[in-house]
1. With of a type in the set (A, V, I, L, M) and facing chain B (nearest Cβ under 8 Å) as the only criterion, which of A:Ile253, A:Ile296, A:Ile237 stands out?
2. Wholly within the stretch A:242-345, which strands (runs of 3 or more DSSP E) include no fewer than the required count, namely at least 3 residues that are modelled with pLDDT under 90 and not hydroxyl-bearing (Ser, Thr, Tyr)?
3. What strands (runs of 3 or more DSSP E), lying completely within the stretch B:207-256, carry at least 2 residues that are closer than 24 Å to B:Val295 by Cα and either more than 11 Å from chain A (Cβ to nearest Cβ) or polar (S, T, N, Q) (or both)?
4. Looking only at the stretch A:105-158, how many residues end up being of a type in the set (A, V, I, L, M) and within 20 Å of A:Ile223 (Cβ to Cβ)?
5. For the stretch A:37-63, what are the residues that are within 14 Å of chain B (Cβ to nearest Cβ) and either assigned to a loop (DSSP other than H, G, I, E, B) or at positive phi (or both)?
6. When A:Thr266 is evaluated against the numbered criteria (1) more than 14 Å from chain B (Cβ to nearest Cβ); (2) β-branched (Val, Ile, Thr); (3) surrounded by fewer than 19 Cβ atoms within 10 Å (Cβ to Cβ), which criterion, by number, is the only one it fails?
7. Quick one: which residue in B:Ala171, B:Ala79, B:Ala101 is surrounded by 21 or more Cβ atoms within 10 Å (Cβ to Cβ), of a type in the set (Gly, Ala, Ser) and out of contact with any Asp or Glu (no Cβ under 9 Å at 6 or more places or on another chain)?
8. What about B:Asp187, is it surrounded by fewer than 24 Cβ atoms within 10 Å (Cβ to Cβ), within 14 Å of chain A (Cβ to nearest Cβ) and in contact with a strand residue (DSSP E or B) (Cβ under 6 Å, 6 or more places away or on another chain)?
Amino acid sequence: MTPDGLPAPATEARPATEPGPVLEIRDLWVSYNSPAGEVPVVRGVSLTLGRGQLVGLAGESGCGKSTLAHAAARLLPASGHVTSGQVLYWPLASEAVGEPADVLQLTGEQLRQFRWRSLAMVFQSAMNSLNPVLPVGAQITDAIRAHDRTVSRKACRERGAELLDLVGVGAGRLRSYPHELSGGMRQRTMLAMALALNPEIVIMDEPTTALDVVVQREILDEIRALQRRLGFAVLFITHDLSLLLDLADRVAIMYGGLLMEEAPVTALVGEPAHPYTSALLHSFPTVDRQERLVSIGGSPPAASSYPSGCPFHPRCPRALDTCRTKMPAPAVRRAAGSVCSVACWNPMPAAQAVGAVQEGEPGAS
Amino acid sequence: MLREVPALEAVGLVKNYRQRRGSPGGRSIVAVDDVTLQLESGRTLALVGESGSGKSTIARLLCHLELPTGGSILLDGHAMPARIRRAQRRQVQLVFQDPFASLNPAHSIGYHVGRSLLIHGHCQRRAELPAAVAGILEQVNLSPGEDFLGKLPHELSGGQRQRAAIAAALAVGPTVLLADEPVSMLDVSIRAEILTLLRRLTTEQDLALLYITHDIASARYFADSIAVLYKGRIVERGPAADVVDTPSHPYTRLLVAAAPRGGAGHPEPLPQRRRLALAAGGARCAFADRCPHAVDLCIRQRPPEVPVGDGRFAACWRQADNP
């Protein structure tokens, strides 16, 4: 136990191959106020982002994926609030993991320091995130100097040039305005800005959704290369599971405000435990996988009308009576030698939970 | 089965847009550049390309929402006149990308579909209209159809809305359906359903379908043949499986390499981007400035479309040189 009463970090308990956490979301509940009353949009989600890992968060519209990420970054709109849960951040203090801080408890100046320096965001629409009347170099300078007044403008310019080179835009573009850049270059510039202060965590919310296939692939390759080189952790949010499977270390699937399944990519693809994951994996073709597609009847629920029990039960071929009344709790299981979690009363047969395996139990199957 | 005359055929279609309206000296943009394609009854042609490649412009030209600058459009072998008749317009219907924008929020689903029936004289008596509309709604799996007649678009999910939009197009009684990115606004889990529905309608009603998409994997899955569009030109066309499995044009190869693999093995590395500074347009290969294999000829002369196998064509000098 840590002195402030928080449970000990799961670092020691995890298998050696898994990095220690840098951000840990614990049983987070988020609600929005609406004229009809309080609407819970994220309902008890726990998700761990390992240091230097790329974790993908996939889900359809209205599943709460963006709300979860915004809550973790304390960026919820005024109508949204966290009703319970913790978001723990483990800073890296001189080569050793420091004490965790609850992001939800940070105040004013602490929060300002946390954002961008520890956790940066890349949003979908670069045109809405970049200032159209300032050259991109000036915007990078602003971001750096907002956090450290002592950095000279010259040093900022140098850092800006270095960053733009790093993401493949080229230092020559420092004086360019956002409208002079192509969609792909703008998104790369956003990435450069996010990395300006060497954050440990970068949350990316649909960063490539508006881009063409080829540009999307180029940016994803760039993200992966930078992430390996600089060691930051990424929480990558998208509706497009197919691209996550090529990109992420671990993938979390959300539906109806719940985390349905969380597993390393190989385990998720090889033995999906949740019927929703399994259906989702068979709902899109890829250029080399052209087997018959399975369509999931019905459509994803809106946050204002999540069904009772398991939110997927009206569309689920494996639904039991329990599913209609009781919300499933995430259960830890092992698949392909790693720790996974699934929230389902009747998981897929190939991947029946292997008893109640504790996360910390040594020795994988 | 293949018929002698395609249901809809575009021959040498060209569309230019004046960049600045009214200014006589304004440059014009070539949005569609000498495009020839055939849509056959009961078959699906996928038109694949990135944004700005002219996919939607082709759809708008084919259904006569816009007039081409050059070339001709043949409906059942007959050239479409500039002033189109209702009977001709009826034959080609368009399904738009965004079912949130293509249905009037103030009107019921029954109204949208019923209007198509009334305007085109498929239902003479008002009293028979509800039953006729319900019948069409059931064709698109909105059943029981009666339940959807009075619903407003906002009461439907995205997938249901797109099905209602397809129903409104079907009610007209077309022989050709143009679907412009029909699933890209929808959630992943309901896309397969809409695509399967379109495929079923194509075979059941012997429709010719143009499936416009940026997703080459879904084109491979869903269409009989594929035409790959780049900067307004078709760079490769042929049977869907062949084009994707053994692409012969460098741009098609790039598209296939960039497509997500869905975790199956490692994605192929993309070729290094190469940027030649070339003047826009002109007599050259449209892809020459990005092509990793571009030779001198590619910059000087526009490549002809050459056969590269069974019913396949590519517009590439390298294919012309080594048949």
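The values are calculated or read from the model by the stated rules, or taken from the named source; none is laboratory data. Since the model is a prediction, treat every value here as computed from it, not as a measurement. Cβ: placed from backbone, ideal geometry, glycine included. Neighbour counts: every protein chain shown.
1. Only one candidate passes the filter, namely A:Ile296.
2. Passing ranges, in order: A:331-335.
3. Strands (runs of 3 or more DSSP E) meeting the threshold: B:225-230, B:233-239.
4. 10
5. A:Gly59, A:Glu60, A:Ser61, A:Gly62, A:Cys63
6. (1)
7. The match here is B:Ala171.
8. So B:Asp187 does not fit the description; no.
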